[in-house]
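Trainee: Below is one structure. I have some questions about it.
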Amino acid sequence: MGKTSMQDIADELNISKNAVSLALNGKPGISDALKDKILEKARELNYEGLNKIKLKKKNLLLIVDDRFDREDEFFLPLISSLLRHSAEQGYRMMLTTVSEEMQKKNTVPSVYYEMDAAGVVFLGQIEKNYLEYYVEEKIPCLMMLLHHYGVKADYVLSANVDGAFLVTKYLISCGHKKIGYFADVGVYSSFVERLWGYRYALLTSGLGEQRQNELLSTSGYGFIDLSAADSFADKILHMEDPPTAWVCGNDAAAFILINALKDRGIRVPDDVSVAGFDGMKKIYMRHPVLCSYDVKRDVLGKKAVELLIKRIHSGYTGESVIESVAGELVIGESVKRMD
């Protein structure tokens, strides 16, 4: 008897060869029940390609936008965590980029097909329509750090609301009553969610909304540049009753604000207190050490790999799973006690 072919499996089940090909190559287009039947029949007939299929299903793809800085101090440890935890689970993860044009056209990178990836992790400025396309195609996928509300993908996020709430509450506990928020909210949902946490801390502490103390940029790049920081610092100088403390969307924004204020003769924490968010290593190398919220990037990477593998095994169910990873407050030295 010769080697079992895809056509042999198709004939046994009275289905098309194309359906067999989809199942054996882990592609969407057939039901999970039919896929299981095909794989079971392939085992029964000793189809030699099964070993290759198992190897193919051990490949994962990390997709980032082409503006993404993979050497960034925040993202580099996160990418390392994803690669390490993938390997520990017996998977090989590769990284590729997508351009803005590819996202507009819903173009899947060729490497996805070449490596026959079992699932995809997204990181960076991934557009809503692009993520939605993968969900609609029932490609196992997961979005990290950016929450596209309404898209039923799986997500692994930092505890943005809780973290900003905790940072703001700490400032309040130090006697600050006028507290501002400084961030770029034009791209990443995380900075908006941190704004919510800041606002909620003020409301639950009886300090009311302080919208006049929110300095928000919407650059479209996800970060505040030096010119914007200078403009905001000048606004602070001209406030009649400026905040005594600032919560910043991330550590990078906090350092930019501190430097802009320093150039204008305003000292931290003597004249004003500043807190960040992320807990990057550089906060310990600056004076004063920045008060921040330490995002557990290794845990984020571990959770992402575990959740994606679960999705690969379970298949698309029409429901999304959202994991929120709690961090830890770093007191630092950049907040002055007012009492």
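Trainee: Return the distance in nm (one decimal) between the two label points of a simple spin-label model at Ser227 and Leu34, each offset 7 Å from Cα along Cα→Cβ.
Mentor: A separation of 5.6 nm, rounded to one decimal place.
Trainee: I need the calculated FRET efficiency for the pair Glu114 and Lys281, taking r as the beta carbon distance and R₀ as 25 Å, to the nearest 0.05.
Mentor: For Glu114 and Lys281, the calculated efficiency is 0.10.
Trainee: Aspartates and glutamates near Lys35 by alpha-carbon distance under 20 Å, same-chain residues fewer than 8 away left out - which ones?
Mentor: Output for Lys35: Asp8, Asp11, Glu12, Glu44, Glu48, Asp116, Glu136, Glu137.
Trainee: If you bin the C-alpha pair distances of region 120-235 every 10 Å from 0, what whole percents do you get?
Mentor: Distribution as computed: 13, 36, 30, 16, 4, 0 percent.
Trainee: Over region 4-109, calculate the relative contact order: mean separation of alpha carbon pairs under 8 Å at least 6 apart, over the residue count, as a percent. Provide the component values of the computation, followed by the final result.
Mentor: Details: 88 pairs, mean separation 23.0, N = 106.
Value for region 4-109: 22 percent.
Trainee: Also, quick follow-up: Of the cross-linked pairs Lys128/Lys169; Lys281/Lys303; Lys41/Lys303; Lys178/Lys281, which ones have a Cα-Cα span greater than 25 Å in the structure shown? Spell out each step's value before the answer.
Mentor: Values: Lys128/Lys169 33 Å; Lys281/Lys303 22 Å; Lys41/Lys303 34 Å; Lys178/Lys281 29 Å.
In this structure, Lys128/Lys169; Lys41/Lys303; Lys178/Lys281 exceed 25 Å between Cα atoms.
Trainee: How high is the relative contact order of the chain, in percent, counting Cα pairs under 8 Å that sit 6 or more residues apart? Spell out each step's value before the answer.
Mentor: Details: 607 pairs, mean separation 59.2, N = 339.
RCO, the chain: 17 percent.
Trainee: By DSSP, what percent of the beta bridges with both residues in the chain are antiparallel, rounded to the nearest 5?
Mentor: Details: 3 of 38 bridges.
Around 10 percent of the beta bridges assigned by DSSP in the chain are antiparallel ones.
Trainee: Still on this model: Counting each DSSP H run of 4 or more residues in the chain as -39500 (n - 2.57), what helix-only mean residue ellipticity at 222 nm follows after dividing by all residues, to the nearest 500 deg cm²/dmol? Please report the intermediate quantities before stating the final value.
Mentor: Details: 13 runs with 142 residues, N = 339.
Computed ellipticity for the chain at 222 nm equals -12500 deg cm²/dmol.
Trainee: Quick one: helix 189-204 against the long Cα principal axis of the chain, what's the angle to the nearest 10°, folded into 0 to 90?
Mentor: Here the helix axis deviates by roughly 50 degrees.
Trainee: Still on this model: Give the relative contact order (percent, whole number) for region 6-55; include only Cα pairs under 8 Å separated by 6+ residues.
Mentor: Computed over region 6-55, the figure is 30 percent.
Trainee: Also: Taking Cα atoms of the chain, Rg/Rh with Kirkwood Rh, to two decimals?
Mentor: Rg/Rh for the chain comes to 1.10.
Trainee: For region 6-55, what D do you get in µm² per second when you plug the Kirkwood radius from alpha-carbon pairs into Stokes-Einstein at 37 °C and 0.692 mPa s? Provide the component values of the computation, followed by the final result.
Mentor: Working: Rh = 10.6 Å.
The diffusion coefficient I find is 311 µm²/s.
Trainee: Put +1 on the Cβ of every Lys and Arg and -1 on every Asp and Glu Cβ in the chain; which of Ala10, Cys174, Gly318 then has its Cα farthest towards the positive end of the dipole?
Mentor: Most positive-ward Cα: Ala10.
Trainee: Turning to a different aspect of this structure: How are the C-alpha pair distances of region 160-295 spread across 5 Å bins, as whole percents from the shortest bin up?
Mentor: 2, 11, 23, 26, 23, 13, 3, 0
Trainee: Pop a pseudo-label 7 angstrom from the Cα along the beta-carbon direction at both Leu329 and Arg264 and give the gap in nm to one decimal.
Mentor: Going from the Leu329 label point to the Arg264 one covers 2.8 nm.
Trainee: Using mean Cβ contacts within 10 Å as the protection proxy, how do 309-322, 180-193 order, highest first? Provide the component values of the computation, followed by the final result.
Mentor: Working: 309-322: 13.7, 180-193: 21.6.
Output ranking for 309-322, 180-193: 180-193, 309-322.
We did not get these values from a lab; they are worked out from the coordinates using the rules stated. None of the values given here were measured: they were computed from a predicted structure. Using ideal geometry, Cβ is built from the backbone for each residue, glycine included, and neighbour counts are taken over all protein chains shown.
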